[in-house]
Amino acid sequence: MKFGKTLDNLMVPEWRHQYMNYNELKQMIRNAVEKAPSGSRPSNNVAIGYYRDFESLFFNSCGVELTKVNYFFAHKQAEAHRKLATLNYQLDRRRAQQDPRGSTASRGSASSWSRQTENKRKLPPIKKLRLAMSEFYLSLIMLQNYQTLNMTAFRKICKKYDKNLKSEAGFAWYDKYVLRSTLAITLQLDRMISTTENMYTDYLANGDRSEAMAKLRVPPLGHPTPPVHVFSAGLFLGLFLVGAIICFISYFSVDTSPEFRYTFVSLFRGPISGVTFGFCLAINIKVYEKVGVNHVLIFEVERRNAIGAMRALEISSFFGYMCTLSILLYLLHKEFFIEDPIYIPLVQVAFVVVLFLNPFRILFYSGRIWLLTVMGRILLSPFFFVNFADFWVADQWTSLVVTIVDHYYLVRFYVRYFLDRSDAFEFEPDYAVAVIRCLPAWFRFAQSLRRFRDSGSKSTDYLINALKYFLFIAEVVFSTIQMETIAHYTDLFESPWTWAYITICIVSSIYTVFWDLLMDFGLFRVWNGENKFLRDNLVYPRWFYYFVIVENTLLRCVWILEFALVHQELIAPYNGQSLIGFSEIVRRFFWNFLRLENEHLYNCGQFRATRDIFITRLDPQEERFLESVMDNTEDLGREKLNKKYF
């Protein structure tokens, strides 16, 4: 693989614009060679002037790139130095409280200060300290990777210059400027990495270095998915595709009654839509990895245990295959000598629930715990600070309303069936359905209010967003009232509740479309030029944004099509709900691309590549103490640098 491609694959996405622009400099060399005076001899004044002018232009460009890289590297290194001093202080406070005589002489001043303040300030929990140290170590490894890649890029571009222009100026410039720059000095960064490892070993791993390194170890950037997961994903995907084709053929070829087909759709629509949504998420993750959208950071997931696209495909394919097996057993139950196929959907759902809730550290344990934690925070939305993952998952729930209601129908069916009730096979909505349809919107409504409360600026954007979900709840209320009162009117449009429902749906659709495009996607920031109606920074091709604008607007209004088709009796009401459910899954699939891209661009603007783990706020006296410690450390490090290099 060429280095330019390797550089693109290994660079930290949030720092992309801070790397040395290798491809642009490489293109400059290529253009210079192509436009060089042909047939010229070295003594030719035209050729000599051409190469001299290009040399000046090229190395000026290299100088600009080196200045940019040096400044960013020095800035991030200073940030890391400050963070390391803070972590060292917090860890020493804990050591001083546990064992006042246990601090080493090198930390004597910190221990003395911590003993004076330990009774005044509550110590941070050990779990948070471990997480902060782990994330800080990851940031150091990223900075080291940034340093190595840029040093390699400068070396290779200078070598390429010498090779293509038959010169030695590239080597001389590299030796004079790059090797003597801040970027080339590795001692301070290496010392911070070593210090972090020692601190974790001494304070958080009880002196066990192997345990400490197991917790701190960072997977190499660009590390491929383990072959076992690739094989499993391919195996289950192949089985799923074959099973899905057989299910499709069987559904239309098996001679069954309309009642049987109605029961089948009612029982399996929820699992089928869930599997479809799972495949959409797997594709989302794959595209994020391809274009460099750092979804792991956005969701604040532990990078060492993050589920990539291949593992997401493995999970979706496995459950998809289980779903196709259940469908085949249900449709062809006579061929499999199953007398009563009603229990098959129950077994499938129970199997999924057991796998998801099992407490053993197998089957993506960390991912399941993360999702359960987020779900718990959503269910208690008004009482917790709202993170991005919390409202993103809640937004996914608003698009899975039909799927959630279908699973409620499934549970209600089996309760009635086991009680031997006559209405067991009726899948009509009741008041519980109305409540369930309102719950996802209520969670987002409560989250928006909580975010308004927690925001320092008290931005009205959160209240405007809350109104969007209030309108959805109003849709459900008017829809329920309209269905309950329609029997009192001879025609659908004689009911005032029908017109109230249509009106609120129109208002809600217009409102949500504008919110999606302006706030969630961050579009319509540029009104002229190539990116018209979009924004300055784009991750995807321009055509994709225009497509999503049209697609999102149309699918937000798909309820009009469903209302018309059901009213004209062209489709049954439960088929209309299928149209609504799957259309919303498709809309959310494209929504996820632009919503995470918008968040990613915000992180890029802040150069934020790792999670910010807040430990505790320092008071002014502690701030001054840390500054003095950092100054002493810098002086000591500078003395070592002087002795070693000069």
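The values are calculated or read from the model by the stated rules, or taken from the named source; none is laboratory data. As the structure is a computational prediction, the values presented were derived from the model and not from experiment. When we count neighbours, we look across all protein chains shown, and the Cβ atoms used for this are built from the backbone with ideal geometry, even at glycine.
Of S422, S381, all but one fail to be over 27 Å from I342 (Cα atoms) and not charged (D, E, K, R); the exception is S381.
Would you mention how many residues in region 415-442 are under 20 Å from D395 (Cβ atoms) and of a type outside the set (A, V, I, L, M)?
The first filter runs over region 415-442 and keeps only residues under 20 Å from D395 (Cβ atoms), leaving 435-442.
Within this subset, residues satisfying the condition of being of a type outside the set (A, V, I, L, M) are 437-438, 440, 442.
Within region 415-442, residues that are under 20 Å from D395 (Cβ atoms) and of a type outside the set (A, V, I, L, M) number 4.
Filter region 305-357 for residues that are aromatic (F, W, Y) and part of a loop (DSSP other than H, G, I, E, B); which is surrounded by the most Cβ atoms within 10 Å (Cβ to Cβ)? Ranking the qualifying residues of region 305-357, first place goes to F336. Pairs linking a residue in region 511-540 that is closer than 25 Å to S448 by Cα and among the aliphatic types (A, V, I, L, M) to a residue that is part of a loop (DSSP other than H, G, I, E, B) and modelled with pLDDT of 85 or more, with Cβ atoms under 7 Å and 6 or more positions apart or on different chains, are L517/L523; L517/F524; L518/F524; L523/F533; L523/L534; L523/R535. Only one of the numbered conditions (1) modelled with pLDDT of 90 or more; (2) in a loop (DSSP other than H, G, I, E, B) is not met by G39, and that is (1). Taken as a whole, the condition of being over 30 Å from F544 (Cβ atoms) and either modelled with pLDDT of 95 or more or not in a helix (DSSP H, G or I) (or both) applies to L239.
Quick one: would you say S459 is touching a residue at least 12 places away in the same chain (Cβ under 8 Å), small (G, A, S) and in contact with a Lys or Arg (Cβ under 9 Å, 6 or more places away or on another chain)?
Working: touching a residue at least 12 places away in the same chain (Cβ under 8 Å): no; small (G, A, S): yes; in contact with a Lys or Arg (Cβ under 9 Å, 6 or more places away or on another chain): yes.
Against the criterion (touching a residue at least 12 places away in the same chain (Cβ under 8 Å), small (G, A, S) and in contact with a Lys or Arg (Cβ under 9 Å, 6 or more places away or on another chain)), S459 does not qualify.
For region 48-64, the criterion of a residue being closer than 30 Å to A132 by Cβ and among the polar types (S, T, N, Q) is satisfied by no position. Would you confirm, using the coordinates I've provided, whether P345 is in contact (Cβ under 8 Å) with a residue 60 or more places away in the chain and of a type outside the set (G, A, S)? Spelling it out, P345 is indeed in contact (Cβ under 8 Å) with a residue 60 or more places away in the chain and of a type outside the set (G, A, S). Taken together, the criteria place Y469 among residues that are at negative phi, modelled with pLDDT of 95 or more, under 31 Å from the mean Cα position of the chain (by Cα) and surrounded by 13 or more Cβ atoms within 10 Å (Cβ to Cβ). Within region 415-432, none of the residues are crowded, with 16+ Cβ neighbours inside 10 Å and either part of a helix (DSSP H, G or I) or within 27 Å of the chain's Cα centre (by Cα) (or both).
Meeting the requirement of 2 or more residues that are modelled with pLDDT of 75 or more and either buried (at least 20 other Cβ atoms within 10 Å of the Cβ) or within 39 Å of the chain's Cα centre (by Cα) (or both), the helices (runs of 4 or more DSSP H) wholly within region 87-179 are 126-165, 169-173. Only residues that are under 19 Å from L518 (Cβ atoms), surrounded by 19 or more Cβ atoms within 10 Å (Cβ to Cβ) and either small (G, A, S) or modelled with pLDDT of 95 or more (or both) were counted in region 440-464, giving 2.
In region 217-230, the qualifying residues are those that are modelled with pLDDT of 85 or more and surrounded by 13 or more Cβ atoms within 10 Å (Cβ to Cβ), and the one that is nearest to R130 (Cα to Cα) is H229.
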